[in-house]
Structures are given as C-alpha cells and as structure tokens.
1. Does A:Leu16 qualify as being closer than 28 Å to A:Leu280 by Cβ, touching a Pro at 6+ places or on another chain (Cβ under 8 Å), surrounded by 15 or more Cβ atoms within 10 Å (Cβ to Cβ) and not hydroxyl-bearing (Ser, Thr, Tyr)?
2. Can you list the helices (runs of 4 or more DSSP H) lying wholly within the stretch A:234-325 that have 1 or more residues being exposed (fewer than 14 other Cβ atoms within 10 Å of the Cβ) and either more than 8 Å from RNA strand B (Cβ to nearest atom) or in contact (Cβ under 8 Å) with a residue 12 or more places away in the chain (or both)?
3. What are the residues in the stretch A:320-361 that are over 19 Å from A:Leu270 (Cβ atoms) and either of a type in the set (Val, Ile, Thr) or within 24 Å of the chain's Cα centre (by Cα) (or both), if any?
4. Which one of A:Val201, A:Val166, A:Val154, A:Val174 is touching a strand residue (DSSP E or B) at 6+ places or on another chain (Cβ under 8 Å), touching a residue at least 60 places away in the same chain (Cβ under 8 Å) and in a strand (DSSP E or B)?
5. Could you say whether any residue in the stretch A:339-356 is within 14 Å of RNA strand B (Cβ to nearest atom), surrounded by 14 or more Cβ atoms within 10 Å (Cβ to Cβ) and of a type in the set (S, T, N, Q)?
6. One residue is enough: does the stretch A:210-219 have a residue meeting the conditions hydroxyl-bearing (Ser, Thr, Tyr) and either within 30 Å of A:Ile376 (Cα to Cα) or more than 7 Å from RNA strand B (Cβ to nearest atom) (or both)?
7. Among the candidates A:Arg118, A:Arg87, A:Arg133, A:Arg123, single out the residue that is free of Cβ contacts under 8 Å to residues at least 60 places away in the same chain, of a type outside the set (Val, Ile, Thr) and surrounded by 15 or more Cβ atoms within 10 Å (Cβ to Cβ).
8. Do you know which of the residues in the stretch A:133-155 that are within 12 Å of RNA strand B (Cβ to nearest atom) and within 46 Å of the chain's Cα centre (by Cα) is farthest from A:Phe192 (Cα to Cα)?
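Read-outs: derived from the displayed coordinates by stated rules, not from any lab. Computed from a predicted model, the values in this text were never measured in an experiment. Here the Cβ positions follow ideal geometry from the backbone for every residue, glycine too, while neighbour counts run over all protein chains shown.
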Amino acid sequence: MTHVRVRFAPSPTGYLHVGGARTALFNWLFARHHGGQFILRIEDTDRARLKEEAIDNFLNSFTWLGIDWDEGPGKDGPYGPYHQSERIDLYQTATKKLLASGHAYYCFCTAEELEERREQARREGRPPRYDSRCRDLSAAEQEQLRAKGRQPVVRIKAPEEGVTVVNDLIKGDVSFDNSTLDDFVIMKSDGFPTYNFACVVDDSEMQISHVIRADEHLSNTPKQIILYQALGLDLPQFAHVPMILAPDRTKLSKRHGATNVEEYRDKGFLPEALVNYLVLLGWSPSEEREFFTLDELVREFDLGRVSKTAAVYDNEKMTWMNGHYLRELPLETIVERAIPFLEQAGTVSRADLDDRERLTRVISAIRERVKTLAEIPDAVDYFYNEVTEYDEKGAKKHFAKEGVVELLETARERLAGLTEFTLENTEEAYRQLIEERGLSGGALIHPTRLALTGRTWGPGLFEVMILLGKEQCLQRLAAAVHHIKGN
RNA sequence: GGCCCCAUGGUCUAGAGGCCUAGGACACCACUCUUUCAAGGUGGUAACCCGGGUUCGAAUCCCGGUGGGGUCACCA
C-alpha cells in the first residue's frame, strides 16, 4: 500500500459530534494500523458560522479520547498551514489554473437571483440546477457586470455527458451521470473557496492517500473527482463510512440527547468505553469479541470490515459498556476520574477527598454498582454524610416490623461491646444474635442497612460497617431507633 | 421529486452458495449465587423486508417492488 496519510477535517462551528468522533477514530486507527500519518485540518472557510472556542473543544475531545494527530493545530508539519483560512493563496493559484485552462469561469449571478430560480424550478418540479448562463460571457459582458459592482463567483465547467465513477473502498463502484451535475461554485464572492474545492486542493496538496469520511459526502465525491481531473491531479482512495442514526432512524442531533463527546465526558462516561462502543458501530472484529483497548484496535482495525449500513445509536449498550470499564479499569484510575465528579457535586468535604485511602476503599465498594462516574457522588453519599432520610419503601418493610426497635438496640449493644471493629467480628456478632433469636439473616441485616445507609441496596453490610467505623454505626443505629419511635 | 446508498431479532452485528436447526453482544424474561442492589453464571423469547428468477441447493448471486437513509447552497 502507498504511504498512508489520512485526515479528519472538522469545521469549527460547534463540538465534536459522536458521528464525527467515530469517523476520526476510523481514520486514526487506519493511520496507526498502517504506520501512516493522521492529520487534523480545520475547515474554517465559512467565516459567518465560525466559532472561536470550537477548535479548542475539538482538540480537547480528541485528547480525551486518546486520539493524537501527527500534523495539525499545535503540530506543524511539512504540509501546513492546517487552517484553510491560511491557505487562500493555494486556492487562488488553483483557480487561476482552472480559469486559464478553460475549466472554470466567472459567474455574476447573485445569491438572490439563484435562490429565486431554484425556487421556481422546484415549483415547476424540475431539479434545481444552475443553468450555466454565465458560462460563455464575453470579456466585454464581464467588464460591464463588474462595472456594476457585481462580485463574481468562480464556477467549474462540469462535463455535460458521460459518467463519473467513485471507486469506494466500502461501497464499491458507484456511478453518477454527469448530466445530473451542474456548474457548481468553487470560489465564493468573498474570495474563500467552497468546501469541495478547498477539500480537493488540500487533500492533494497534503498528499492524502485515503479520504475516509461519512456517507453523507458520497454525493460530493463525483464533484471532487471532476475537480481532480480538471486540475490534472491524482485521485486519493475514497472510503465512505455509514452514518450513525438516532433511535428514530433520523440523523443524530441535539434533540436526541447527548451527541457530542464533551457531554459524554460530563455525564461520567469513560473515553475507553466510548471509543470501544463507537468503533463497534459500523465495524466488526474478525473474531467474536466485545472489548478492545485502543492498542488492540490499532492492530485489528481494517476498512474491509466496515459495514455498509447505517447504525442506530443505542444508549443502553453504551451505558453497559461504560459499566464494564468502570468495573475493569484499575481502581486508582477510577478514583482519579471520580474526584472531579465528587468535587462538582460538592457533597464530600475537601478533607474527606484528601483521605485518598478511605476514598479508594469506598469507591472500591460501590464501583460495580454504578454505570457512570456521575453516579458515584450519590452512591458514596452516606459514607460521608449523615443519613437524614430513609428509603420510603424500605422503611415500610423493615422499620415497621414488630420488635424492630428492640432488635436494633440489642444489635447496637453487641456492636458497642466489640473491642476490635473488624469484618469478622461484626459479622460474628450479628450471626450470633441472629442465631439466638432464630431469625433469618435478612430480618436483622435489612433494617440495619436501612439504619446505616438510608437505603435498601449497597455493598455487603459488614463492609459498610467497617467503612463507616464503630462510632458512626452506633450513632446511626441510635438515630434510626429514635426515628422509628417518633413515628 | 431527481440522483445515490442501504436492507439478518427492538438495537449493534457474524455470515462472502451447501459448515445455518442462522452465531455473538445489548435489552428483556426465568433460574442460580447472595444479607440487599449490582456484578457473575446458566437457560429462554426474538431476525434473514416482499416477489420473481439463477442453481441440485440461496440469508448469501441477478431482476423488480417495498421500506429506510443520504444528498440536491456563494454550509461543510
């Protein structure tokens, strides 16, 4: 294979979308698999929609996902600059070439005129194509229009007959009738290139070997091929990856919930899980397997195993995947990543957060019971804060029983009598009491859990006791008794 | 609407003519483990869009329908 150079070319108008993230990921994996380069190119030719902070958002998202780039913003290379707004001279040179060779021409129609004609075409049920009316304007006519103050655009002279075939690595050969193409704009009246033009000039200039992009660009590809041909340039390989759809089978958008990777981070998802989930949407490994590290993906990834069909994004599976990573990642890693969420929630004091040893034990106890980092503050709450209320259903079930007050008081005395408050001792004390009274384990354990945590679920009771410490246990048992009597 | 792409359980997918009585994963249900909730283990419900061909044989190849998606800008 020729030397692999691929690129991801976002337009800095918003955030990195999960669909974009997956496309970038496919590009990155392909580059790493083949020992090639992954380039980030900023397509900022639409100055009206440009957002200053967007580029940083993108870069942060990539870094968070573990995707690095060999050339691009902050990483100069031999084919820079990597912002299209700084490459205008390149597009102008290419335009001059096209104009000189008769492959392009100036068009003086205004945006309003064009919109009007498109509207009319639609009304009459015709395809809204540009009618090439400026194609053969004489020099004199052009002068006249310029004199009127009209700022022209430059259009490509598209072939009127024949067929343009896209040899796509994923879709196979796709043919387009040239008669369906019109003389599209390559340079806007503001002197900036259009997407298709800038894309071709840059992909060629940057020696891109494989253009791997979303399916929605497939219909742009014949236009780009025409530009390559007009400029006398070699074609890259094309690969159009299927789209990611929302559950209602439409394009994924804000109204479907979290769609950009920053939101996933903020909702407590792990980058490992997002990457793993996303890569499995549209790509399948050669062996039946669900979990892959980035390194394993680099080894396994293959464009040949990318599916042709659009995939529906499933948040349940994403969440399941996240839960898996939450359980499997090193404990220290989870603790590190949980801290920002705990800080944000503000329910655990600074001092408690700094007691890393206890925090680690607490998180170890609950981590397989949560699916996202964002659930951790709530799950650890009672280890750090007093229990102020009891689960309503649980209270009805466990606090309303005959003799529960006496039972909890007795249990409290037994615990109070322990000189060493260990897992073994506490359990032993409880087992003994259970046996004495001829109770089922749950009859004592359930009300105790509710008293200590306010909840009906959580880690093993004796683990909770040890984590809470003797004093807290005694205090909470007393408080619960007080609460029950008060009702 | 024109053009283009696609079509295996609710969802992600395996499958490149006989290995398919269609496999795996999520979700769901049951059982199991268990002091609870999870996690884990075991089992289960559930799919080849329809119609024609081709072939001894089709989820797989061809054609036609249907359905879904994408795209038709001086946006990328």
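1. Yes: the conditions hold for A:Leu16.
2. Where helices (runs of 4 or more DSSP H) fall fully within the stretch A:234-325 and carry at least 1 residues being exposed (fewer than 14 other Cβ atoms within 10 Å of the Cβ) and either more than 8 Å from RNA strand B (Cβ to nearest atom) or in contact (Cβ under 8 Å) with a residue 12 or more places away in the chain (or both), they are A:294-300.
3. A:Thr347, A:Val348
4. Checking each option against the conditions leaves just A:Val166.
5. No, the conditions are met nowhere in the stretch A:339-356.
6. no
7. A:Arg118
8. Selected residue: A:Cys134.
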